[in-house]
Structure formats: structure tokens, C-alpha cells
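*Asks:* Okay, handing you the structure first.
The values are calculated or read from the model by the stated rules, or taken from the named source; none is laboratory data. Bear in mind that the values here come from a model prediction, so they are computed numbers and not experimental data. No Cβ is skipped: glycine too gets one built from the backbone with ideal geometry, and neighbour counts run over all protein chains shown. These accessible areas exclude ligands, DNA and RNA; they are computed on the full protein's heavy atoms, side chains included. Shrake-Rupley method; radii C 1.70, N 1.55, O 1.52, S 1.80 Å.
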Amino acid sequence: QVQLVESGGGLVQPGGSLRLSCATSGVTFSLYTMGWYRQAPGKQRELVAAITGGGTTNYAQSVKGRFTISRDIAKNTVDLQMNGLKPEDMAVYYCNVLNLRTFRDYWGQGTQVTVSS
């Protein structure tokens, strides 16, 4: 059974940094694409960053150069390091994993990121 638990959200000033972490269970990393999505009030959920089973990463244009997705296979975690945060980054951030065999995906409960002075 796949379970995802996000942590690390909070309040940060513009220009600050946060590191989100997604603790996973029931996930074989090589068989999943793992990603972070976000949803701001009144907006659709959007992909922020993803890492494939082979370790290839991709990012939304709006976060390139500021955010870094990484995974620790030994710890079963996928993290999102967010630097240079802007007010427009404020959203609920969700961890997502997609099984590349079944194409079933799973979501965490979300963690709030607030960027405000």
C-alpha cells in the first residue's frame, strides 16, 4: 500500500527558502515517477517538479533555477528544495507518485507554503 506524507511547509519571507519532504512507503523508486505539485486558491493544480525512475528531473518554467527536486532511495523520501521564494509560490504543495506499470497515481495530503513579509 502506497502512502505519502509531506512535511516542511510553513511561513517564509520573500527571498527565503524552505525544504519540503515527502516520506513514502510502498514505493519502489525505479518504478515510479515522483513529483511535487502545487495548488493556489482559485487556480488549478500544477506540476512544479518531477523526477523519473531513472533520475531525470524536469521543472516548471516558473521555478527553474530556484527549486530542486531530489530523492533519497535509502530513506524513501523525495524532497523539494525551494530557494528565492516569491509570493506567487504560495500554495498547498502536494507530493505525487505515478506507477509506470499501472499508471495509477497517489497523492499526499498536502503542505501549506506561505510566502509573505
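*Asks:* What tally of residues in segment 1-45 results from selecting those that are part of a loop (DSSP other than H, G, I, E, B), among the hydrophobic types (A, V, I, L, M, F, W, C) and within 16 Å of N96 (Cα to Cα)?
*Replies:* 2
*Asks:* Please go through segment 34-55 and give me each residue that is small (G, A, S) and out of contact with any strand residue (DSSP E or B) (no Cβ under 7 Å at 6 or more places or on another chain), ordered by number.
*Replies:* G42, G54, G55
*Asks:* Applying the selection to segment 69-117, what residues are in contact (Cβ under 8 Å) with a residue 60 or more places away in the chain, outside any strand (DSSP E or B) and crowded, with 16+ Cβ neighbours inside 10 Å?
*Replies:* L85, G108, G110
*Asks:* When the residues of segment 1-45 are narrowed to those that are aromatic (F, W, Y) and closer than 15 Å to Q112 by Cα, which ends up least open to solvent (accessible area, probe 1.4 Å)?
*Replies:* Per the criteria, the residue is W36.
*Asks:* Going through segment 28-76 one residue at a time, which ones are within 12 Å of the chain's Cα centre (by Cα), farther than 15 Å from M90 by Cβ and basic (K, R)?
*Replies:* R71
*Asks:* Can you spot a residue in segment 46-62 that is in contact (Cβ under 8 Å) with a residue 40 or more places away in the chain, open to solvent by 60 Å² or more (accessible area, probe 1.4 Å), on the phi < 0 side of the Ramachandran plot and among the charged types (D, E, K, R)?
*Replies:* Going through segment 46-62, the residues in contact (Cβ under 8 Å) with a residue 40 or more places away in the chain turn out to be 48, 53.
Of the ones still in play, those that are also open to solvent by 60 Å² or more (accessible area, probe 1.4 Å) are none.
No; the residues of segment 46-62 include none that is in contact (Cβ under 8 Å) with a residue 40 or more places away in the chain, open to solvent by 60 Å² or more (accessible area, probe 1.4 Å), on the phi < 0 side of the Ramachandran plot and among the charged types (D, E, K, R).
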